[in-house]
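The values are calculated or read from the model by the stated rules, or taken from the named source; none is laboratory data. Treat the numbers as computed from the prediction; the structure is a model and nothing was measured. Please note: Cβ atoms are built from the backbone with ideal geometry, for glycine as well, and neighbour counts cover all protein chains shown.
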Amino acid sequence: MKNTVLITGASSGIGRATAEYFAEQGWNVAATMRNPEKETELTRFSNLKCYRLDVTDTASIGKAIQDVIDDFGALDVVVNNAGYGADGVFEAMDDEFIRRQFDTNVFGLMRVTRAVIPYFRQRRKGTVIQVASMGGRLAFPLYSIYHGSKWAVEGFTEALQYELAPFGIRLRIIEPGAIKTDFYGGGRQFVKPENTSDYDEFVAKCEKLSMETGAKGESPEKVARGIFKAATDKSRRLRYPVGAPAPMLLRLRKMIPDSWWFAVVRNSYRIS
(Lines give C-alpha, C1' and ligand atoms only; values in the text may rest on other atoms or scores of the structure.)
Protein backbone atom coordinates (compact mmCIF):
# COMPACT_ATOMS: atom_id res chain seq x y z
CA MET A 1 0.00 0.00 0.00
CA LYS A 2 1.22 3.49 -0.84
CA ASN A 3 2.15 5.86 1.98
CA THR A 4 -0.22 8.78 2.50
CA VAL A 5 0.69 12.33 3.52
CA LEU A 6 -1.61 15.17 4.59
CA ILE A 7 -0.24 18.67 4.00
CA THR A 8 -1.80 21.84 5.39
CA GLY A 9 -1.57 25.15 3.56
CA ALA A 10 -1.08 23.41 0.21
CA SER A 11 -2.59 26.16 -1.95
CA SER A 12 0.72 27.99 -2.45
CA GLY A 13 4.42 28.25 -1.65
CA ILE A 14 6.10 25.49 0.33
CA GLY A 15 2.84 23.59 0.83
CA ARG A 16 2.06 23.40 -2.89
CA ALA A 17 5.64 22.44 -3.78
CA THR A 18 5.56 19.72 -1.12
CA ALA A 19 2.26 18.31 -2.36
CA GLU A 20 3.63 18.13 -5.90
CA TYR A 21 6.91 16.55 -4.81
CA PHE A 22 5.29 13.81 -2.72
CA ALA A 23 2.86 13.06 -5.55
CA GLU A 24 5.78 12.77 -7.98
CA GLN A 25 7.43 10.29 -5.59
CA GLY A 26 4.36 8.08 -5.79
CA TRP A 27 2.76 8.90 -2.43
CA ASN A 28 -0.95 9.41 -1.90
CA VAL A 29 -1.30 13.12 -1.17
CA ALA A 30 -4.03 14.94 0.74
CA ALA A 31 -3.48 18.59 -0.18
CA THR A 32 -5.50 20.65 2.27
CA MET A 33 -6.46 24.31 2.03
CA ARG A 34 -9.24 26.66 3.05
CA ASN A 35 -10.82 26.80 -0.43
CA PRO A 36 -10.14 23.57 -2.32
CA GLU A 37 -12.89 24.32 -4.82
CA LYS A 38 -10.63 27.01 -6.30
CA GLU A 39 -7.74 24.60 -6.93
CA THR A 40 -7.27 23.60 -10.58
CA GLU A 41 -3.61 22.66 -11.03
CA LEU A 42 -2.92 20.06 -8.33
CA THR A 43 -5.80 17.96 -9.59
CA ARG A 44 -3.63 16.82 -12.51
CA PHE A 45 -2.13 14.19 -10.18
CA SER A 46 -4.17 10.98 -10.03
CA ASN A 47 -2.74 10.19 -6.57
CA LEU A 48 -3.62 13.59 -5.07
CA LYS A 49 -6.90 14.82 -3.64
CA CYS A 50 -7.76 18.27 -2.26
CA TYR A 51 -9.60 18.73 1.02
CA ARG A 52 -10.94 21.68 2.96
CA LEU A 53 -8.99 22.29 6.15
CA ASP A 54 -8.72 25.57 8.03
CA VAL A 55 -6.29 25.28 10.93
CA THR A 56 -8.33 27.84 12.88
CA ASP A 57 -11.46 25.63 12.57
CA THR A 58 -11.30 22.52 14.76
CA ALA A 59 -14.27 20.84 13.07
CA SER A 60 -12.68 21.14 9.62
CA ILE A 61 -9.48 19.53 10.92
CA GLY A 62 -11.20 16.45 12.30
CA LYS A 63 -13.34 16.03 9.19
CA ALA A 64 -10.37 16.35 6.82
CA ILE A 65 -8.31 13.78 8.72
CA GLN A 66 -11.19 11.29 8.78
CA ASP A 67 -11.99 11.87 5.09
CA VAL A 68 -8.35 11.23 4.16
CA ILE A 69 -8.27 7.98 6.13
CA ASP A 70 -11.56 6.88 4.55
CA ASP A 71 -10.43 7.74 1.02
CA PHE A 72 -6.88 6.37 1.14
CA GLY A 73 -7.24 3.68 3.80
CA ALA A 74 -4.53 5.10 6.07
CA LEU A 75 -2.55 8.19 6.98
CA ASP A 76 1.19 8.00 7.58
CA VAL A 77 2.57 11.55 7.68
CA VAL A 78 1.13 14.97 8.54
CA VAL A 79 2.95 18.10 7.41
CA ASN A 80 1.95 21.18 9.38
CA ASN A 81 2.85 23.86 6.86
CA ALA A 82 -0.01 26.38 7.11
CA GLY A 83 1.20 29.75 8.34
CA TYR A 84 2.12 33.27 7.34
CA GLY A 85 4.52 36.06 8.22
CA ALA A 86 3.47 39.05 10.32
CA ASP A 87 6.10 41.72 10.91
CA GLY A 88 6.59 45.36 11.67
CA VAL A 89 6.88 47.58 14.71
CA PHE A 90 5.57 45.87 17.83
CA GLU A 91 4.21 49.12 19.27
CA ALA A 92 1.76 49.29 16.36
CA MET A 93 0.42 45.74 16.77
CA ASP A 94 -2.95 45.44 18.49
CA ASP A 95 -4.19 42.30 20.25
CA GLU A 96 -6.12 41.10 17.20
CA PHE A 97 -3.05 41.32 14.94
CA ILE A 98 -0.99 39.32 17.43
CA ARG A 99 -3.79 36.83 18.05
CA ARG A 100 -4.20 36.06 14.34
CA GLN A 101 -0.49 35.31 13.98
CA PHE A 102 -0.46 32.88 16.89
CA ASP A 103 -3.84 31.35 16.04
CA THR A 104 -2.51 30.20 12.68
CA ASN A 105 1.20 29.60 13.24
CA VAL A 106 0.99 28.08 16.72
CA PHE A 107 -2.52 27.12 17.82
CA GLY A 108 -3.49 25.89 14.35
CA LEU A 109 -0.42 23.66 14.22
CA MET A 110 -1.24 22.39 17.71
CA ARG A 111 -4.85 21.64 16.73
CA VAL A 112 -3.81 19.53 13.76
CA THR A 113 -1.15 17.74 15.81
CA ARG A 114 -3.58 16.98 18.63
CA ALA A 115 -6.24 15.75 16.21
CA VAL A 116 -3.99 13.17 14.55
CA ILE A 117 -2.28 11.84 17.70
CA PRO A 118 -5.05 9.33 18.66
CA TYR A 119 -4.95 7.74 15.21
CA PHE A 120 -1.17 7.49 15.17
CA ARG A 121 -1.11 6.27 18.78
CA GLN A 122 -3.51 3.44 18.03
CA ARG A 123 -1.46 2.42 14.97
CA ARG A 124 1.79 2.75 16.98
CA LYS A 125 3.37 4.69 14.13
CA GLY A 126 3.16 7.98 12.28
CA THR A 127 5.17 11.13 11.61
CA VAL A 128 4.26 14.75 12.27
CA ILE A 129 6.41 17.32 10.48
CA GLN A 130 6.25 20.92 11.70
CA VAL A 131 7.37 23.58 9.22
CA ALA A 132 8.99 26.14 11.50
CA SER A 133 11.81 28.43 10.32
CA MET A 134 15.43 29.25 11.00
CA GLY A 135 13.56 32.10 12.72
CA GLY A 136 12.50 29.57 15.34
CA ARG A 137 16.02 29.65 16.75
CA LEU A 138 17.27 33.03 15.46
CA ALA A 139 15.73 36.49 15.66
CA PHE A 140 15.90 39.51 13.36
CA PRO A 141 14.56 43.08 13.59
CA LEU A 142 10.85 43.73 12.98
CA TYR A 143 9.88 40.05 13.24
CA SER A 144 9.17 39.89 16.97
CA ILE A 145 5.68 38.34 16.64
CA TYR A 146 6.63 35.97 13.85
CA HIS A 147 9.71 34.80 15.76
CA GLY A 148 7.60 34.41 18.89
CA SER A 149 5.29 32.05 17.00
CA LYS A 150 8.09 29.98 15.49
CA TRP A 151 10.06 29.75 18.74
CA ALA A 152 6.84 28.46 20.29
CA VAL A 153 6.60 25.75 17.62
CA GLU A 154 10.18 24.69 18.30
CA GLY A 155 9.70 24.40 22.05
CA PHE A 156 6.32 22.71 21.76
CA THR A 157 7.62 20.10 19.34
CA GLU A 158 10.85 19.39 21.20
CA ALA A 159 8.91 18.71 24.39
CA LEU A 160 6.15 16.72 22.69
CA GLN A 161 8.57 14.26 21.09
CA TYR A 162 9.26 12.66 24.48
CA GLU A 163 5.65 11.79 25.24
CA LEU A 164 4.90 10.49 21.74
CA ALA A 165 8.06 8.43 21.17
CA PRO A 166 6.76 5.42 23.21
CA PHE A 167 3.92 5.11 20.66
CA GLY A 168 6.23 5.07 17.65
CA ILE A 169 5.25 8.60 16.63
CA ARG A 170 8.11 10.64 15.18
CA LEU A 171 8.23 14.44 15.28
CA ARG A 172 10.31 16.54 12.87
CA ILE A 173 11.01 20.27 12.64
CA ILE A 174 11.81 21.81 9.26
CA GLU A 175 13.76 25.08 9.53
CA PRO A 176 13.73 26.87 6.15
CA GLY A 177 16.02 29.80 5.44
CA ALA A 178 15.10 32.57 2.99
CA ILE A 179 12.62 31.03 0.53
CA LYS A 180 10.90 32.74 -2.39
CA THR A 181 7.26 32.61 -1.29
CA ASP A 182 4.45 35.00 -0.36
CA PHE A 183 6.25 35.44 2.97
CA TYR A 184 7.98 38.38 1.30
CA GLY A 185 5.03 39.29 -0.92
CA GLY A 186 1.25 39.10 -0.97
CA GLY A 187 0.97 36.86 2.08
CA ARG A 188 2.91 39.25 4.27
CA GLN A 189 1.23 41.39 6.93
CA PHE A 190 3.26 44.44 7.95
CA VAL A 191 2.42 47.29 10.33
CA LYS A 192 4.10 50.42 11.65
CA PRO A 193 2.84 53.31 13.79
CA GLU A 194 0.75 55.98 12.08
CA ASN A 195 1.13 58.51 14.89
CA THR A 196 4.92 58.84 14.88
CA SER A 197 7.83 58.88 12.44
CA ASP A 198 10.34 57.80 15.09
CA TYR A 199 10.69 54.31 13.60
CA ASP A 200 10.89 55.35 9.94
CA GLU A 201 14.67 55.26 9.54
CA PHE A 202 14.96 51.96 11.41
CA VAL A 203 12.17 50.39 9.37
CA ALA A 204 13.68 51.56 6.07
CA LYS A 205 17.04 49.97 6.86
CA CYS A 206 15.56 46.69 8.02
CA GLU A 207 13.07 46.50 5.16
CA LYS A 208 15.83 46.96 2.61
CA LEU A 209 17.86 43.98 3.79
CA SER A 210 14.80 41.83 4.38
CA MET A 211 13.44 42.31 0.85
CA GLU A 212 16.88 41.83 -0.71
CA THR A 213 17.26 38.57 1.19
CA GLY A 214 13.84 37.38 0.06
CA ALA A 215 14.60 38.21 -3.57
CA LYS A 216 17.71 36.02 -3.41
CA GLY A 217 15.94 33.20 -1.60
CA GLU A 218 15.86 29.59 -2.68
CA SER A 219 12.88 27.85 -4.25
CA PRO A 220 10.07 26.18 -2.28
CA GLU A 221 11.00 22.97 -4.07
CA LYS A 222 14.20 22.77 -2.02
CA VAL A 223 12.16 22.79 1.18
CA ALA A 224 9.82 20.18 -0.29
CA ARG A 225 12.78 17.86 -0.81
CA GLY A 226 13.86 18.48 2.79
CA ILE A 227 10.38 17.63 4.04
CA PHE A 228 10.39 14.41 2.04
CA LYS A 229 13.77 13.52 3.54
CA ALA A 230 12.38 14.09 7.03
CA ALA A 231 9.31 11.99 6.24
CA THR A 232 11.36 9.03 5.09
CA ASP A 233 14.18 9.26 7.66
CA LYS A 234 14.01 6.39 10.15
CA SER A 235 16.38 8.03 12.66
CA ARG A 236 15.47 10.03 15.77
CA ARG A 237 16.68 13.27 14.23
CA LEU A 238 14.44 16.21 15.22
CA ARG A 239 15.61 19.29 13.26
CA TYR A 240 16.23 19.75 9.53
CA PRO A 241 17.60 23.17 8.50
CA VAL A 242 17.09 23.61 4.75
CA GLY A 243 17.85 26.39 2.29
CA ALA A 244 20.55 29.04 2.62
CA PRO A 245 21.41 30.67 4.90
CA ALA A 246 19.71 28.50 7.53
CA PRO A 247 22.33 25.75 8.04
CA MET A 248 25.22 28.21 8.22
CA LEU A 249 23.51 30.78 10.47
CA LEU A 250 22.17 28.16 12.87
CA ARG A 251 25.64 26.69 13.28
CA LEU A 252 27.12 30.15 13.80
CA ARG A 253 24.49 31.03 16.42
CA LYS A 254 25.45 27.97 18.47
CA MET A 255 29.16 28.74 18.28
CA ILE A 256 29.32 32.40 19.31
CA PRO A 257 28.11 34.28 22.43
CA ASP A 258 25.04 36.50 22.40
CA SER A 259 27.01 39.73 22.20
CA TRP A 260 28.83 38.61 19.06
CA TRP A 261 25.62 37.44 17.40
CA PHE A 262 23.82 40.70 18.19
CA ALA A 263 26.75 42.59 16.65
CA VAL A 264 26.51 40.47 13.50
CA VAL A 265 22.81 41.29 13.15
CA ARG A 266 23.25 45.00 13.84
CA ASN A 267 26.09 45.27 11.33
CA SER A 268 24.12 43.40 8.70
CA TYR A 269 21.13 45.74 9.05
CA ARG A 270 23.32 48.82 9.60
CA ILE A 271 21.47 49.69 12.78
CA SER A 272 22.88 50.92 16.09
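Let me confirm something: among Gly13, Gly9, Gly73, Gly26, which residue is of a type in the set (Gly, Ala, Ser), farther than 22 Å from Phe107 by Cα and in contact with a Ser or Thr (Cβ under 9 Å, 6 or more places away or on another chain)? One residue alone meets the criteria, Gly73. Looking for something touching a helix residue (DSSP H, G or I) at 6+ places or on another chain (Cβ under 7 Å) and either at pLDDT below 95 or more than 25 Å from Ser272 (Cβ to Cβ) (or both) - is there at least one such residue anywhere in segment 202-209? Within segment 202-209, one or more residues are touching a helix residue (DSSP H, G or I) at 6+ places or on another chain (Cβ under 7 Å) and either at pLDDT below 95 or more than 25 Å from Ser272 (Cβ to Cβ) (or both). Here Glu91 fits the description: among the acidic types (Asp, Glu) and farther than 26 Å from Gly226 by Cβ.
Of the candidates Val29, Val116, the single residue that is assigned to a helix (DSSP H, G or I) and surrounded by 22 or more Cβ atoms within 10 Å (Cβ to Cβ) is Val116.
Tally up the residues in segment 240-272 that are in contact with a Lys or Arg (Cβ under 8 Å, 6 or more places away or on another chain), of a type outside the set (Phe, Trp, Tyr) and buried (at least 16 other Cβ atoms within 10 Å of the Cβ), please.
Taking segment 240-272 and keeping what is in contact with a Lys or Arg (Cβ under 8 Å, 6 or more places away or on another chain), we get 240, 242-243, 250, 253, 261, 269-272.
If we keep only those that are of a type outside the set (Phe, Trp, Tyr) too, we end up with 242-243, 250, 253, 270-272.
Adding the requirement that they be buried (at least 16 other Cβ atoms within 10 Å of the Cβ) leaves 242-243, 250, 253.
Qualifying residue count, segment 240-272: 4.
Could you say whether any residue in segment 88-108 is under 24 Å from Ala23 (Cβ atoms) and touching a helix residue (DSSP H, G or I) at 6+ places or on another chain (Cβ under 7 Å)? No, there is no match, as no residue in segment 88-108 is under 24 Å from Ala23 (Cβ atoms) and touching a helix residue (DSSP H, G or I) at 6+ places or on another chain (Cβ under 7 Å).
Just so you know, in segment 62-103 the residues that are small (Gly, Ala, Ser) and part of a loop (DSSP other than H, G, I, E, B) include one that is surrounded by the fewest Cβ atoms within 10 Å (Cβ to Cβ), and it is Gly73.
With the requirement that a residue be among the β-branched types (Val, Ile, Thr) and within 14 Å of Ala246 (Cβ to Cβ), what does segment 123-149 give you? Break it down stepwise before answering.
Taking segment 123-149 first, the residues among the β-branched types (Val, Ile, Thr) are 127-129, 131, 145.
Residue satisfying the conditions is Val131 alone.
What about Ala10, is it within 23 Å of Ala59 (Cα to Cα) and part of a strand (DSSP E or B)? Against the criterion (within 23 Å of Ala59 (Cα to Cα) and part of a strand (DSSP E or B)), Ala10 does not qualify. The single condition among (1) over 19 Å from the mean Cα position of the chain (by Cα); (2) loosely packed, with under 14 Cβ neighbours inside 10 Å; (3) under 22 Å from Asn81 (Cβ atoms) that Gly155 does not meet is (1).
Out of segment 41-71, which residues are farther than 20 Å from Ala224 by Cβ and of a type outside the set (D, E, K, R)?
Initial filter on segment 41-71 (farther than 20 Å from Ala224 by Cβ): 52, 54, 56-67, 69-71.
Answer for segment 41-71, where residues must be farther than 20 Å from Ala224 by Cβ and of a type outside the set (D, E, K, R): Thr56, Thr58, Ala59, Ser60, Ile61, Gly62, Ala64, Ile65, Gln66, Ile69.
Looking at this structure, is Gly148 in a loop (DSSP other than H, G, I, E, B), closer than 27 Å to Lys254 by Cβ and of a type outside the set (A, V, I, L, M, F, W, C)? The answer is no for Gly148.
Only residues that are without any contact (Cβ under 8 Å) to a residue 40 or more places away in the chain and surrounded by 21 or more Cβ atoms within 10 Å (Cβ to Cβ) were counted in segment 126-152, giving 2. Among the residues making up segment 13-49, those that are touching a residue at least 60 places away in the same chain (Cβ under 8 Å) and farther than 20 Å from Ala74 by Cα are Gly13, Ile14, Gly15, Arg16, Ala17. Scanning segment 128-144 turns up one or more residues that are part of a helix (DSSP H, G or I), under 22 Å from Phe183 (Cβ atoms) and over 11 Å from the mean Cα position of the chain (by Cα). Contact map, segment 112-125: residues that are under 17 Å from Ser60 (Cβ atoms) and at pLDDT 95 or above paired with residues that are buried (at least 18 other Cβ atoms within 10 Å of the Cβ) and among the hydroxyl-bearing types (Ser, Thr, Tyr), Cβ distance under 8 Å, separation 6+ or inter-chain. Pairs shown: Val112/Thr8.
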